[in-house]
Amino acid sequence: MRAVPEGFDEAYRLQQARYPSAGPGWQPVHTVYVPADRFAVRTLSEWSDQALSLVKAHLPDPAALAEVFGVPGGLAAAVHSKVIQKLSCEPIEDVRIDFEDGYGVRPDLVEDEHVAQAVEAVATMHAAGTLPRRWGPRVKSFADGNPGRSVRTLDLFLSGLMERAGELPPGFTVTFPKILMEAYLGQFTDLLARLEDELEVRLRFEMQVEAPQTLHFLRGDLAESLDGRLVAAHFGVFDYTAAIGLPPHEQRLDHPACDHARHVMQTAFAGTTVELSDGSLAAAPASGLTRDVHALWRRHAELVRHSLGHGFYQGWDMHPSHLVSRFATVYAFHLERYEAYQERVRAWEEQREVGGGVMDEPATIRTLAAALRRADAALP
């Protein structure tokens, strides 16, 4: 009998640590970005109220939902009910208090004041139990040449919150944008390690993929090389498409160049614990007229379906109207095939044919089971 090859045990240990192949758990279906100077205790309730008002005015019943989003009539009632339920109970699953592009460059004292305001809002929401399941700031990029401002904002935010709330509420994630150099990731990780030692907390971050240069250093062991602090990668459509020279009217999430970038992200992080998120639509309804609201919803739904079809189950939402089309599209996507997926998994487990000419492979069954778990986690 042959001996185990030399070095196998170590290689297998690394494989299990790097590629745990764990099934999908809960992941936010979106991240809402709110400029730091506009973030307040009432932000979530305001978004909920605006989204529900849009539903009442422009999506009053399942028939309207079926027409706007192309949802089969038999499914529309369930989706319509779940959208209203979600907007009423948990309109935002993940929020970023944005100190970067959505906020701009302000004098240091002004940004410091907005950090303090954000800390007070987060602490108040935490005490009231209204803080989203995921939350945190997006700080400025090191690529802008002023890492000191990014460091100061994060330091003031965390130290202020620990002092005000007495703890770091669960769900904290900081977003690190525009990473043109791999060295910035190590430097940001070192910053988090220093803050961890000072505050006695565990800090995680998500990176944004917003430049073609970033694709070159995405790889399976990246999170491992960053002491496990990297938990997600978010695609940034507008910076990316600008960086590769696309004309303004082609800066869209469903451009083939964006598909390529997303597929590189998927290839790099497949089998790891790093979550993936798609980008956004930078548009709101052109007016309060039903035709303009429906036009916005249809376009946003097209992009959300494009992301879902490419295996990106999270995206950015930038306006209260996006909540309606986000949840309607996500719920229809999961519900439309749910029962068929269940039947195929049951047939496999019972070792019987599912019918219809379907011949499932073990890999397909794993995918079907993962899709069911993902749906269960996403649906209200």
For the stretch 315-371, the Cα-Cα pair-distance distribution in 5 Å bins from 0, as whole percents, is 4, 17, 22, 16, 11, 10, 9, 7, 4, 1
Using a simple spin-label model with points 7 Å from Cα along the Cα→Cβ vector, what separation in nm is obtained for Ala128 and Ala284?
2.2 nm
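Between Gln342 and Leu109, what's the calculated FRET efficiency when r is the beta-carbon distance and R0 is 45 Å? Round to 0.05. Write out the running numbers ahead of the final one.
Values: r = 58 Å, r/R0 = 1.28.
It comes to 0.20.
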Relative contact order of the chain, pairs being alpha-carbon contacts under 8 Å that are 6 or more residues apart, as %:
21 percent
Could you tell me the distance between the Cα centroids of the stretch 158-234 and the stretch 270-294, to the nearest Å?
24 Å
Along the charge dipole of the chain, which of Met181, Thr43, Leu154 sits closest to the positive end, that is, farthest toward it, with unit charges on the beta carbon of Lys, Arg, Asp and Glu (+1, +1, -1, -1)?
Thr43
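So what is the calculated 222 nm ellipticity per residue for the chain, using -39500 (n - 2.57) for each DSSP H run with n of 4 or more, over all residues, to the nearest 500 deg cm²/dmol? Show your work: numbers first, answer last.
On the way: 15 runs with 205 residues, N = 380.
It lands at -17500 deg cm²/dmol.
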Stretch gain in nm, segment Arg164-Asp49, where the contour uses 0.36 nm per residue and the Cα spacing is subtracted
38.6 nm
So for the stretch 195-284, using the alpha carbon gyration tensor with a ≥ b ≥ c as root eigenvalues (a/c under 1.5 gives rounded; past that, a/b versus b/c decides prolate or oblate), I'd call it prolate
Enumerate the calculated ³J(HN,Hα) couplings along the stretch 51-66 in order (Karplus 6.51 cos²θ - 1.76 cosθ + 1.60, θ = phi - 60°), each rounded to whole Hz, writing x wherever the residue is Gly or Pro.
5, 5, 5, 5, 4, 4, 7, 10, 9, x, 8, x, 5, 5, 5, 4
Excluding same-chain residues fewer than 8 positions from Lys56, which aspartates and glutamates have a Cα within less than 19 Å of its Cα?
Glu46, Glu67, Glu90, Asp292
Shape call, the stretch 75-201: gyration tensor on alpha carbons, a/c limit 1.5
prolate
Would you work out if the stretch 49-139 is rounded, prolate or oblate? Take a ≥ b ≥ c from the square roots of the eigenvalues of the alpha-carbon gyration tensor; rounded if a/c is under 1.5, else prolate when a/b is larger than b/c, oblate otherwise.
prolate
Might you tell me the accessible area per residue for the stretch 35-136, computed with a 1.4 Å probe and given in Å²?
44 Å²
Using a 1.4 Å probe, how large is the accessible area of Glu120, given in Å² and rounded to the nearest 10?
80 Å²
The stretch 183-255: relative contact order as a whole-number percent, Cα under 8 Å and 6+ apart
31 percent
Let me know the charge dipole size of the stretch 123-162 about its Cα centre in debye, to the nearest 20, where only the beta-carbon of Lys, Arg (+1) and Asp, Glu (-1) is charged.
120 debye
Residue-count net charge about Ala211 - beta-carbon cut-off 13 Å; Lys, Arg +1, Asp, Glu -1
-3
Once the dipole of the chain is set up with Lys and Arg at +1 and Asp and Glu at -1 on Cβ about the Cα centre, which of Gly104, Thr290, Pro248 lies farthest towards its positive end?
Thr290
Once both label points are put 7 Å beyond Cα along the C-beta direction, the Glu10-Arg42 separation in nm becomes 6.2 nm
What length, rounded to one decimal in nm, is gained on full extension from Glu350 through to Ser88, with 0.36 nm per residue of separation minus their alpha-carbon distance?
90.3 nm
Table column - 3J(HN,Hα) (Hz), the stretch 31-38, Karplus curve with 6.51, -1.76, 1.60, x for Gly and Pro:
10, 9, 9, 10, x, 4, 6, 10
Could you work out which residue, out of Val110, Val34, Val324, moves most in a Gaussian network model of the chain, that is, has the largest mean-square fluctuation with Cα springs under 10 Å?
Val110
Average Cα contact separation per residue, the stretch 115-260, under 8 Å, 6 or more apart, as relative contact order %:
19 percent
Keeping all protein chains in position, work out how much accessible area Leu222 exposes to a 1.4 Å probe, and write it in Å² to the nearest 10.
0 Å²
Efficiency of FRET between Glu198 and Asp144 - r from beta-carbon atoms, R0 35 angstrom, step 0.05:
0.90
Could you size up the charge dipole of the stretch 240-297 around its Cα centre, putting +1 on the beta carbon of Lys and Arg and -1 on that of Asp and Glu, and report it in debye to the nearest 20?
80 debye
With every protein chain left in place, what is the accessible area of Ser280 in Å² (1.4 Å probe, nearest 10)?
10 Å²
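The values are calculated or read from the model by the stated rules, or taken from the named source; none is laboratory data. Predicted model only: the values in this text are computed from it and were never measured. In this analysis, Cβ positions are derived from the backbone assuming ideal geometry, glycine residues included, and neighbour counts consider all displayed protein chains. For accessibility, only protein heavy atoms count, side chains too; no ligands or nucleic acids. Shrake-Rupley method; radii C 1.70, N 1.55, O 1.52, S 1.80 Å.
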